[in-house]
1. Mind checking whether some residue in the stretch 157-174 is farther than 19 Å from residue 126 by Cα, crowded, with 16+ Cβ neighbours inside 10 Å, modelled with pLDDT of 95 or more and touching a strand residue (DSSP E or B) at 6+ places or on another chain (Cβ under 7 Å)?
2. Read through the list (1) out of contact with any Gly (no Cβ under 9 Å at 6 or more places or on another chain); (2) within 29 Å of residue 43 (Cβ to Cβ); (3) open to solvent by 40 Å² or more (accessible area, probe 1.4 Å); (4) not basic (Lys, Arg), then give the number of the only condition that residue 53 fails.
3. Could you tell me whether the stretch 194-202 includes any residue that is on the phi < 0 side of the Ramachandran plot and free of Cβ contacts under 8 Å to residues at least 60 places away in the same chain?
4. What residue, among those in the stretch 139-182 that are assigned to a loop (DSSP other than H, G, I, E, B) and in contact with a helix residue (DSSP H, G or I) (Cβ under 7 Å, 6 or more places away or on another chain), is farthest from residue 85 (Cα to Cα)?
5. So residue 24 passes all but one of these: (1) under 24 Å from residue 132 (Cα atoms); (2) modelled with pLDDT under 85. Which condition number does it fail?
6. So which residues in the stretch 175-190 are of a type in the set (A, V, I, L, M, F, W, C), surrounded by fewer than 17 Cβ atoms within 10 Å (Cβ to Cβ) and under 19 Å from residue 206 (Cβ atoms)?
7. Within the stretch 78-85, does at least one residue satisfy the condition of being aliphatic (A, V, I, L, M) and either buried (at least 19 other Cβ atoms within 10 Å of the Cβ) or within 22 Å of residue 181 (Cα to Cα) (or both)?
Amino acid sequence: MTTNMNPINNYSVDKGYRNMLSVVAQDALEVKTTASGNNSYTPSIETVAQIKYKKLPFYEVIDEVIKPTLLTGTDTCTLPNVHKGMKEAIFILPLSLEQINFVASNRKISSGKEEYLYQFQIRICQFIEPVPNESPDYMPLDLFIRVGRKPCLLPPSLLITPLETKSRLTARPIDCTENVKLCPFISNYITINWTPDGKHYVFALYFVKKLTTNTSI
């Protein structure tokens with residue numbers, strides 16, 4: 001079924017909440033800590049904010065829910081049985097009534113599974129300077145993401161290369177929509193765990209529309 005609704009024109013977001021970050025993530029930036037723990041250089045918030053993720057051919061970005069943010073975290077992990085050195089960062093995912101309505105009113109059941117036309121999409125890339133025009137997805141080692149207490153379905157692992165000692169996940173966006181509680185009065189928390197490897201990583205979350213042959217922009 002073709003929809004003639006233009007989400008760019010009809011969608012509005014409460015600007016006061018769109019870029020809320022957790023205390024953990026924000027404090028980590030302010031005190032100049034790093035994800036790796038052995039790299040004294042930390043990119044500035046302004047530099048990180050310049051990052052533009054590589055455009056995806058089958059998704060239209062409706063809004064930037066959480067702006068590009070350096071992944072920095074603490075050694076205190078809520079994930080059980082983690083190995084030494086794993087980091088954790090927590091972000092608040094604020095929802096507006098518009099977002100909730102778009103997601104809830106445009107979902108369907110296919111083969112016993114819910115499919116979403118509008119999605120909350122996580123992007124993670126490696127921070128590189130000078131900042132390129134587009135940054136492709138690139139996953140930290142041992143990546144584990146939860147929304148609330150529900151683990152997100154992550155991309156499959158790649159084969160270990162001669163230069164790597166651990167397997168890294170396939171580089172692609174992560175759809176966390178099915179884990180999000182669609183209620184404006186309930187706080188959704190995104191918890192990210194990873195193992196530092198000397199690289200800097202940048203996290204962002206976008207509200208997107210999945211494009212198909214039956215949908216129009």
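1. Taking every residue of the stretch 157-174 in turn, none turns out to be farther than 19 Å from residue 126 by Cα, crowded, with 16+ Cβ neighbours inside 10 Å, modelled with pLDDT of 95 or more and touching a strand residue (DSSP E or B) at 6+ places or on another chain (Cβ under 7 Å).
2. (3)
3. There is no residue in the stretch 194-202 that is on the phi < 0 side of the Ramachandran plot and free of Cβ contacts under 8 Å to residues at least 60 places away in the same chain.
4. Only one residue tops the list, namely 182.
5. Residue 24 satisfies every listed condition except (1).
6. Applying the first criterion (of a type in the set (A, V, I, L, M, F, W, C)) to the stretch 175-190 yields 176, 180, 182-183, 185-186, 190.
Restricting the remaining residues to those that are surrounded by fewer than 17 Cβ atoms within 10 Å (Cβ to Cβ) gives 182-183, 185-186.
If the condition is that a residue be of a type in the set (A, V, I, L, M, F, W, C), surrounded by fewer than 17 Cβ atoms within 10 Å (Cβ to Cβ) and under 19 Å from residue 206 (Cβ atoms), then 182 is the only one that fits.
7. If we filter the stretch 78-85 for residues that are aliphatic (A, V, I, L, M), which is where we start, we get 79, 82.
Now drop any that are not either buried (at least 19 other Cβ atoms within 10 Å of the Cβ) or within 22 Å of residue 181 (Cα to Cα) (or both), which leaves 79.
Scanning the stretch 78-85 turns up at least one residue that is aliphatic (A, V, I, L, M) and either buried (at least 19 other Cβ atoms within 10 Å of the Cβ) or within 22 Å of residue 181 (Cα to Cα) (or both).
Condition check ((1) under 15 Å from the mean Cα position of the chain (by Cα); (2) not in a loop (DSSP other than H, G, I, E, B); (3) not aliphatic (A, V, I, L, M)) across all residues:
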| site | (1), (2), (3) |
| --- | --- |
| 60 | no, yes, yes |
| 66 | yes, yes, no |
| 77 | no, no, yes |
| 89 | yes, yes, no |
| 98 | no, yes, yes |
| 114 | no, yes, yes |
| 119 | yes, yes, yes |
| 122 | yes, yes, no |
| 128 | no, no, no |
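The values are calculated or read from the model by the stated rules, or taken from the named source; none is laboratory data. Please read all numbers here as calculations on a predicted model, not as lab measurements. Because the Cβ atoms are built from the backbone with ideal geometry, glycine has one as well, and the counts that use them run over all protein chains shown. The accessibility values were calculated without ligands, DNA or RNA, using every heavy atom of the protein model including side chains. Shrake-Rupley method; radii C 1.70, N 1.55, O 1.52, S 1.80 Å.
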